[in-house]
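Novice: Sharing a structure here in structure tokens format.
The values are calculated or read from the model by the stated rules, or taken from the named source; none is laboratory data. None of these values were measured; they are calculated from a predicted model. Don't worry about glycine lacking a Cβ; one is built from the backbone with ideal geometry, like all the others, and counts go over all protein chains shown.
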Amino acid sequence: MQAKWIENLLALQDADLKIQGYETRLEILPKEMLNLKAERDKTIAAVNQAAEDARKFERAAKAAESEIAALQEESKKLEQQSAMVKKNTEYQAMLSTIALNKQKISDLESKVIENLELFEEGKKNYRKVKSSSEAALKDLKQEFDELGTLATDLKQEIAALQAKRPGLAAGVEQNLLRLYEQLKKGKSSAAPVVPVTGGICGGCHMRVTPQTMTDMARGAVTQCDNCQHIVYNPEEAE
């Protein structure tokens, strides 16, 4: 059976470790939520880009149609003017321009057809991207909302443990509590109170001395000679 002091100290440490773990998790949450926002923005941008890619071909087709209309209007005016031209050179020049416009119109009509086909392909791709993005955005929102809920839950857990901590600390003798707090502020990544398993300290992973084993067996407050962590024998609890 464990000595009462170690039971009380382990209860305090358990609360402190939970608070530390919850606070660490809480610190990571904002970055995770920012990453989700960035992924959301990236997904939305992909949809917008697919839409823009499609509209680009639509605009090109309309621009070609406008150019065709302008060339047709020019040719119409030249045909009207040619009837009143007396000089043969001017007349031939007009006919040449009309013929050139006709060729340009033919080329532009091909571009219109090509761009309209590409526009249809672009619309299909847009619908495909939009469909897949809707599912992705739904998952991202759900994950984001879950992280928001987790943040609230963690804050509540931390508040509850912090409210409980003074009562747990009151159950620990003052000198021992000061030692515990000092070890907690130390640079070691190990907890202030560590078990000794098979004669090995859970803090520094070195073998403890026979005297340390004897002191633990007596139920005395014991520290590892190597790392100074408070040690206990977990087998006593069994």
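Novice: Does the range 71-85 contain at least one residue that is under 30 Å from N8 (Cβ atoms), of a type in the set (V, I, T), assigned by TED's automatic domain parsing to the domain that holds D16 and touching a helix residue (DSSP H, G or I) at 6+ places or on another chain (Cβ under 6 Å)?
Specialist: no
Novice: In addition: Go through the range 1-40 residue by residue and tally those that are in contact (Cβ under 8 Å) with a residue 12 or more places away in the chain and under 20 Å from the mean Cα position of the chain (by Cα).
Specialist: Of the residues in that region, 11 qualify.
Novice: Inside the range 149-190, can you point out the residues that are among the hydroxyl-bearing types (S, T, Y), surrounded by 13 or more Cβ atoms within 10 Å (Cβ to Cβ) and more than 20 Å from A220 (Cβ to Cβ)?
Specialist: Selection gives S188 alone.
Novice: Can you confirm whether the range 20-41 contains a residue that is small (G, A, S) and surrounded by 16 or more Cβ atoms within 10 Å (Cβ to Cβ)?
Specialist: There is no residue in the range 20-41 that is small (G, A, S) and surrounded by 16 or more Cβ atoms within 10 Å (Cβ to Cβ).
Novice: If you scan the range 202-224, which residues turn out to be assigned to a helix (DSSP H, G or I) and either crowded, with 17+ Cβ neighbours inside 10 Å or touching a Pro at 6+ places or on another chain (Cβ under 9 Å) (or both)?
Specialist: T212, M216 - these are the residues of the range 202-224 that are assigned to a helix (DSSP H, G or I) and either crowded, with 17+ Cβ neighbours inside 10 Å or touching a Pro at 6+ places or on another chain (Cβ under 9 Å) (or both).
Novice: If you check every pair at least six apart or on different chains, which have Cβ atoms under 6 Å apart with a residue in the range 209-236 that is among the β-branched types (V, I, T) first and a residue that is part of a helix (DSSP H, G or I) second?
Specialist: These pairs meet every condition: V221/L176; T222/T212; T222/D215; T222/M216.
Novice: Among the residues of the range 99-121, are any part of a helix (DSSP H, G or I), touching a Leu at 6+ places or on another chain (Cβ under 7 Å) and either not polar (S, T, N, Q) or not assigned by TED's automatic domain parsing to the domain that holds Q162 (or both)?
Specialist: yes
Novice: Looking at A135, A220, which one is of a type in the set (G, A, S) and under 37 Å from the mean Cα position of the chain (by Cα)?
Specialist: On inspection, the qualifying residue turns out to be A135.
Novice: Right, something else. Looking only at the range 71-112, count how many residues are without any contact (Cβ under 8 Å) to a residue 40 or more places away in the chain, surrounded by 12 or more Cβ atoms within 10 Å (Cβ to Cβ) and among the hydrophobic types (A, V, I, L, M, F, W, C).
Specialist: Summing the residues that are without any contact (Cβ under 8 Å) to a residue 40 or more places away in the chain, surrounded by 12 or more Cβ atoms within 10 Å (Cβ to Cβ) and among the hydrophobic types (A, V, I, L, M, F, W, C) in the range 71-112 gives 9.
Novice: Quick check on V208: is it in contact with a strand residue (DSSP E or B) (Cβ under 6 Å, 6 or more places away or on another chain), more than 20 Å from W5 (Cα to Cα), among the hydrophobic types (A, V, I, L, M, F, W, C) and not assigned by TED's automatic domain parsing to the domain that holds L12?
Specialist: yes
Here is a yes/no grid of residues against (1) out of contact with any helix residue (DSSP H, G or I) (no Cβ under 8 Å at 6 or more places or on another chain); (2) farther than 15 Å from Q13 by Cβ:
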site: G171; (1), (2): no, no
site: N175; (1), (2): yes, yes
site: K187; (1), (2): yes, yes
site: T197; (1), (2): no, yes
site: I200; (1), (2): yes, yes
site: T209; (1), (2): yes, yes
site: M213; (1), (2): yes, yes
site: N233; (1), (2): no, yes
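Novice: Ok, one more. List pairs: first in the range 41-52 and within 11 Å of R127 (Cα to Cα) and in the same structural domain as K124 (by TED's automatic domain parsing), second of a type in the set (F, W, Y) and in a helix (DSSP H, G or I), Cβ under 8 Å, 6+ apart or cross-chain?
Specialist: V47/Y126; A50/Y126; A51/Y126
Novice: Quickly run through the range 118-135 and pick out the residues that are surrounded by 17 or more Cβ atoms within 10 Å (Cβ to Cβ) and either more than 26 Å from R59 (Cα to Cα) or not small (G, A, S) (or both).
Specialist: L118, F119, K123, Y126, V129
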